[in-house]
Amino acid sequence: MSSTQLTQNWRQLLAASLFASLAAVSITLPIIFPDLGNGRSEAAINAAISIGTGGVVSFVFYYVVNVSSERTRIRLLQEGVKRTYQNAKWDIALAVLQASRKGGRRDLVSTTDNIEKCLTIAGFRSLFLGGGESYEGFYAFQNQMSDPTYEFEKIIFNLNVFRRAVDRLIGGDGIREESAYNYLLQLSIRLDRIERNGAGYDESKLLCAFVWEIFSGYNSVDGDIGYDKIERTIESLIL
């Protein structure tokens with residue numbers, strides 16, 4: 001969400017708070033100062049109480065219908081992105097294991113235990129760090145991305161599903177932090193470029209770099225951060 005949108009939301013909340021405060025004063029003032037209701041001021045006090053009561057009811061209605069429902073909508077968008085990313089990452093881990101085995105990593109078997117191992121930074125590094133030949137380390141997987149293999153198409157499909165979820169979150173004003181907004185916007189652009197590049201020795205380098213980044217906790221910008229930055233950013237959004 002942009003800073004302008006944040007400012008507009010704060011103005012609405014501030015206006016609602018001021019309105020609620022005025023309503024509360026209108027109701028409590030006659031209670032605290034009962035003498036104000038004597039004589040000619042009685043009609044004014046009764047009017048103030050009516051206005052105050054109406055104001056409180058209006059404020060509660062505004063909060064329930066607008067603020068509460070808006071928070072629920074945003075939370076559903078955020079949790080949807082988180083769930084989509086978790087599912088996509090699980091499928092991609094399976095594809096990485098299958099492609100690596102096809103590429104020569106006979107030591108790797110696509111079992112549930114190995115998939116779960118890939119989903120942790122330490123586990124993935126233990127399986128794929130090292131190697132200097134095309135059939136060792138992460139190279140076996142990279143070589144399989146030179147052609148539109150089943151695993152390649154499976155990874156692209158999952159990244160496309162995840163990108164659409166990110167776009168819905170961005171378009172639905174589901175991001176409050178400007179830094180997270182900018183990061184996820186750039187991520188969406190990056191995923192779109194990966195999909196457009198397609199398979200190929202050079203074309204798939206962006207894809208392979210992305211897969212390595214989300215599983216190994218390392219990227220060329222931040223270095224060895226030891227965690228999945230996408231996952232951490234999504235977690236920070238949950239209200």
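Things worth noting here:
- C-alpha center-to-center spacing [the range 107-121, the range 199-239] in angstrom: 18 Å
- Compared with the alpha-carbon gap, the fully stretched path from residue 157 to residue 227 is longer by 22.8 nm at 0.36 nm per residue.
- Extending 7 Å from Cα along the Cβ direction at residue 126 and again at residue 220 yields two label points whose distance is 3.0 nm.
- Accessible-area order (highest first, 1.4 angstrom probe) of the listed residues 212, 90: 90, 212
- Fraction of accessible area attributable to carbon and sulfur, the range 85-127 (%, probe 1.4 Å): 49 percent
- Rolling a 1.4 angstrom probe over the protein heavy atoms with all chains in place gives the range 89-179 an accessible area of 48 Å² per residue.
- For residue 219, the shell of other residues with beta-carbons less than 12 Å away shows a net charge of -2, using +1 for Lys and Arg and -1 for Asp and Glu.
- Solvent-accessible area of residue 85 with every protein chain in place, 1.4 Å probe, in Å² to the nearest 10: 10 Å²
- Three-way shape call for the range 147-239 based on the alpha-carbon gyration tensor, with the a/c threshold at 1.5: oblate
The values are calculated or read from the model by the stated rules, or taken from the named source; none is laboratory data. Treat the numbers as computed from the prediction; the structure is a model and nothing was measured. Glycine gets a Cβ as well: all are built from the backbone with ideal geometry, and neighbour counts include every protein chain shown. Just so you know, the surface numbers come from the protein's heavy atoms only, side chains and all, with ligands and any DNA or RNA stripped out. Shrake-Rupley method; radii C 1.70, N 1.55, O 1.52, S 1.80 Å.
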